[in-house]
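S.K.: One structure, pasted below without further comment.
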Amino acid sequence: MLPIFWRGRVAVAGALAVGAAIAFSSFSVVLAERAKPDKSAIYNCNSGTACVEGRATGRATYGVYGVSSVGDAVYGQTSNGIGVWGNSTNAGPGVYGLSSTPKYPGVEGKSTGSVGVGGTSTVKAGVEGTASANSGVYGISTAKGFPGVRGQNLGTNNGGYGGIFESSDTSGNGVALVAEGHSPSTNLFYAYSNTSGGGFCSITAVGDLTCSGTISGGSSLRVRQPNSSGQHVLAYAPEATSATIEDVGEARLIGGRAIVRFDRDFASTIDRNVGYLVFLTPMGDTRGLYVRLKTPAGFEVRETQGGRSSLLFDYRIVARPLGTNSDRLPLAPLERRKYLPMPSSGDDLPAPERP
């Protein structure tokens, strides 16, 4: 069949619905398998860029558009490549999924040997999730030892972060990060250094904080203390110029003499290579008490001026903890607060309008 040229347009004599046809224009040549493909048609190819290609230049026009009322609108499957691949060189996303049914996601990826959904970017976020009524990104894992969501920075000298959580809340009720446990034995928080000699910090289900290193703060440490009315008040912890560990107790002076032995648990925690302090408070009239002898196992108390009184007395022991140094009011480390760059204009692009 010969094309008939009339006023700059191309007309083709005959029906395009049967077999393959070629349409010529001043811009391109398009080879179509069928003008109206069968509902069950399958196109096989082993060369070229793609078996089926859809190309659109208008913003409101789709390159490929799939509609289904029951099954999958678009489905991609491969045994040695990418099932569905989307590429965007301008302002829109490479792949966009929209779902109006609460049960099904807009985009879902499944894999039996690798990641379900992978995102890569050289400029902006590799994967971004936005929601107006629920979680922006939601991850679930049922495998033992694996998290629902994991963030990792592989840079060795770029000041990167494994994860960042931000909140713009101004009501005073919002937080940047929430950790929730569903079992009394679940730790709410656990952080560790995966290096030789590294430390850790953990927060248990009942709120106990444990750190292998030194805990530093700003002003005085305050502790929530319950009172007899069932309320909680804030109590201030005492401060010392160096690391100390203390024990208190009560003993009896008989005939002007007493031997006080350390509690076994307390004795195992103190540095016996250095001295300790003992403070005495008599619970009755006496000429005075003094510490005659100190040993790693305890101390001896005598009454002054050869007195032979018999009475109770309180004592307080202040020692150095085992494994600490003798630093006295050491200089505080510099704050290592890092300020992140604010997103540049255009980072949060609106999603393209969908029908």
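S.K.: Which residues, taken from segment 120-146, are surrounded by 11 or more Cβ atoms within 10 Å (Cβ to Cβ) and over 19 Å from the mean Cα position of the chain (by Cα)?
M.R.: Result: K124, single match.
S.K.: Looking at I215, I245, which is the one that is in contact with a strand residue (DSSP E or B) (Cβ under 9 Å, 6 or more places away or on another chain) and either more than 30 Å from I270 (Cβ to Cβ) or surrounded by fewer than 10 Cβ atoms within 10 Å (Cβ to Cβ) (or both)?
M.R.: Of I215, I245, the one residue that is in contact with a strand residue (DSSP E or B) (Cβ under 9 Å, 6 or more places away or on another chain) and either more than 30 Å from I270 (Cβ to Cβ) or surrounded by fewer than 10 Cβ atoms within 10 Å (Cβ to Cβ) (or both) is I215.
S.K.: Looking at segment 99-154, which of its residues are among the aromatic types (F, W, Y) and farther than 25 Å from T186 by Cβ?
M.R.: Y104
S.K.: Let me ask something additional. Suppose we filter G159, G155, G163 for residues that are small (G, A, S), out of contact with any Leu (no Cβ under 7 Å at 6 or more places or on another chain) and in contact (Cβ under 8 Å) with a residue 40 or more places away in the chain; which single one remains? Walk me through it before giving the result.
M.R.: Working: G155 fails: in contact (Cβ under 8 Å) with a residue 40 or more places away in the chain; G163 fails: in contact (Cβ under 8 Å) with a residue 40 or more places away in the chain.
None of the other options fit; the residue is G159.
S.K.: Return the residues of segment 196-220 that are closer than 22 Å to P333 by Cβ, out of contact with any Asp or Glu (no Cβ under 8 Å at 6 or more places or on another chain) and not in a strand (DSSP E or B); say none if nothing qualifies.
M.R.: Within segment 196-220, S196, G197, G198, G199, S212, G213, T214, I215, S216, G217, G218, S219 meet the criteria.
S.K.: Okay, moving on. Which condition from (1) touching a Lys or Arg at 6+ places or on another chain (Cβ under 8 Å); (2) closer than 30 Å to N325 by Cβ is the one that N273 breaks?
M.R.: (1)
S.K.: I've got another one for you. Does G288 count as more than 30 Å from R308 (Cβ to Cβ), without any contact (Cβ under 8 Å) to a residue 24 or more places away in the chain and not polar (S, T, N, Q)?
M.R.: no
S.K.: Another question, if that's okay. Which of the residues belonging to segment 223-258 are closer than 27 Å to Y276 by Cα and charged (D, E, K, R)?
M.R.: Correct list: E239, E246, D247, E250, R252, R257.
S.K.: List the pairs whose first member sits in segment 37-55 and is charged (D, E, K, R), whose second member is modelled with pLDDT of 70 or more, and whose Cβ atoms are under 6 Å apart, counting only residues at least 6 apart or on separate chains?
M.R.: Filtered contacts from segment 37-55: R55/G63.
S.K.: OK, next. If F266 passes every condition in (1) surrounded by 12 or more Cβ atoms within 10 Å (Cβ to Cβ); (2) part of a strand (DSSP E or B); (3) not polar (S, T, N, Q) but one, which one does it miss?
M.R.: (2)
S.K.: Shifting gears a bit: Is it the case, given these coordinates, that G83 is within 27 Å of G162 (Cα to Cα), in a loop (DSSP other than H, G, I, E, B), in the same structural domain as R55 (by TED's automatic domain parsing) and modelled with pLDDT under 75?
M.R.: When the stated conditions are applied, G83 does not pass them.
The values are calculated or read from the model by the stated rules, or taken from the named source; none is laboratory data. Quick caveat, the model's predicted, so the values are computed rather than measured. Methodologically, a virtual Cβ is constructed for each residue, glycine included, from the backbone with ideal geometry; neighbour enumeration extends over all protein chains shown.
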